[in-house]
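The next block holds one structure in the form of structure tokens; read it before the comments.
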Amino acid sequence: MKNIAEKIRLAKTGNEEAMMEILDICNPMIRKYTRLLNYDEDCKSELVLKVISLVKEEINLDKMENLSDGVMINYLSTALRNQYIAISVGRCRIRDNEIAYDQDSFGEMLEGNPQTETGMEDSILFETIKTTLTEREKLCVQRIVLEGWTAEALASALGITKQAVNQCKKRALEKLKKIYT
């Protein structure tokens, strides 16, 4: 039975079986971080590619003093954790930019004159929404009521719980209900 360092040496020379064995060793860590990233297949692929990149390019066995399995597992685990953090940070930046863009778009829609048959009623509704609701409440109403998002999807996008989204939506609809009843 070969140790991990020997498998890495073989994988560096193009041995596919050795690479598959290394990926099998890393599979529990990859599954863990994929779960934390909401089972996103793209993220899983990035993690697998990170392992392949580590083995093919980044790990230099000649410069390492200790080649025990524990050291190799720790090295791979740390690299995967760092990749998971990088993916998470990237997702947060993208999510924040998307939310800022969507809020701007929604704001532009509220300030504009809707071109529908009931344009005046829509203008009044949009003006009421604009002046009555908080930014988060506007976003909840926009996504859930107007665009048909699920509370779970919005919670994931905002990084909050599903219950917080439902409470926000309920609060927004109660405010609007008081005005229109």
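Structure data summary
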item	result
Listed residue pairs exceeding 26 Å between alpha carbons, taken from 32/63; 2/63; 32/56	32/63
Rule-of-thumb Rg ratio for the stretch 1-51 [Cα; 2.2 N^0.38 Å; N residues]	1.24
Nitroxide proxy distance, nm - points 7 Å out along Cα→Cβ at residue 134 and residue 63	5.0
Dipole magnitude (debye, nearest 20) for the stretch 33-79, charges at Cβ of Lys, Arg, Asp, Glu	80
Kirkwood Rh and Cα Rg combined as Rg/Rh, the stretch 35-82	1.05
Nitroxide proxy distance, nm - points 7 Å out along Cα→Cβ at residue 2 and residue 162	4.6
Hull volume in cubic angstrom per residue (convex hull over the Cα atoms of the stretch 1-90)	94
Net lengthening on full extension, residue 39/residue 82 (0.36 nm per residue, minus Cα-Cα)	13.7 nm
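Read-outs: derived from the displayed coordinates by stated rules, not from any lab. No experiment lies behind these values; they were computed from the predicted model shown. Glycine gets a Cβ as well: all are built from the backbone with ideal geometry, and neighbour counts include every protein chain shown.
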